[in-house]
Structure formats: structure tokens, C-alpha cells
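The values are calculated or read from the model by the stated rules, or taken from the named source; none is laboratory data. Source: prediction; values computed, not measured. Here Cβ is always computed from backbone atoms with ideal geometry, including for glycine, and neighbour counts include all displayed protein chains. With ligands, DNA and RNA removed, areas are computed over all heavy atoms of the protein, side chains included. Shrake-Rupley method; radii C 1.70, N 1.55, O 1.52, S 1.80 Å.
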Amino acid sequence: MWVEDVFTIRGSGTVVTGIPTRGLVRIGDELNLLPAGLRAHARRMQVYGADASEARAGECVALNLPELDHQTVRRGMVLCNSDTSSAVTMAEAELSILGSVKGKVDDFLEAHCTWAPRRS
């Protein structure tokens, strides 16, 4: 679930909102916050503003995660099941620049890396 908002409720702790993109989460599940690498348990949750025991992909979810400091969690971070995901530090991709793109497109890798990127 991509974090959309985070806030704190006095007496409950940190609450994180978002819409899971796949799977489901249940109360008590251990979750991993990426890229911070922090773990937390879902103590309470709401789906569309009503108390719930589980939330599925596509539903608007609010998770109470008291182990996390609300100032540590930021919009755009990811919450996932702790047993299925981990952060990565590198990814490979191919990029095609459309002919309709006007102007210069700089190659950040060539300007900032000591190794030569592969040319095709």
C-alpha cells in the first residue's frame, strides 16, 4: 500500500491511510515500511471509515500502527507484508524516447557514473 497520508491520534498513535494495490491486510499482521525498513503491527483499521478486521486491494484503508513514529512515515512510502517484500537499491530498465519529444534529453548515468552504460 502506498502511503497517502499519515497522522497521529492521541491515545492510539500513528495512523496511515492509502489504497492497497494487491493482497489483503488483517488486524495483527506485521507490516514493513519501505524504504525505511521499519516494522509495525496493524492494531486497528478502518475501511471506508468503518471499523474492519481486514482490508483488500482497491479499498480505502486507514491503519493504526502505534509502533511507528508519525514523523518517520512520509507520503509515497510503501507498507507491505513483511514476509514478501524488501527494498531494492538498483533496478534495470529500458527507455525509449518518443519522436514527439522536443528538446535535449540528458543522460544522467554518463554524466555521473564511473562505469559505462550499455549501448544498443
> Under a plain spin-label model, where a point goes 7 Å from the Cα along Cα-to-Cβ, how far apart in nm are Ala50 and Asn81?
Replying inline: 2.6 nm
> Ranked by accessible surface with a 1.4 Å probe, highest first, in what order do Asp29, Asp5, Asp51 come?
Replying inline: Asp51, Asp5, Asp29
> Given charges of +1 on the Cβ of Lys and Arg and -1 on the Cβ of Asp and Glu, with all other atoms neutral, how large is the dipole of the stretch 1-81 about its Cα centre, in debye to the nearest 20?
Replying inline: 60 debye
> Using a 1.4 Å probe, how large is the accessible area of Ser96, given in Å² and rounded to the nearest 10?
Replying inline: 100 Å²
> Percent of accessible area on the stretch 1-57 owned by carbon and sulfur, 1.4 Å probe?
Replying inline: 51 percent
> So who's got an amide H within less than 5 Å of the one on Met77, skipping anything under 5 residues away but keeping other chains? H placed 1.01 Å off N, in plane.
Replying inline: Val3
> Gain in length, Thr21 to Arg74, computed as 0.36 nm per residue apart minus the alpha-carbon separation, to one decimal in nm?
Replying inline: 17.3 nm
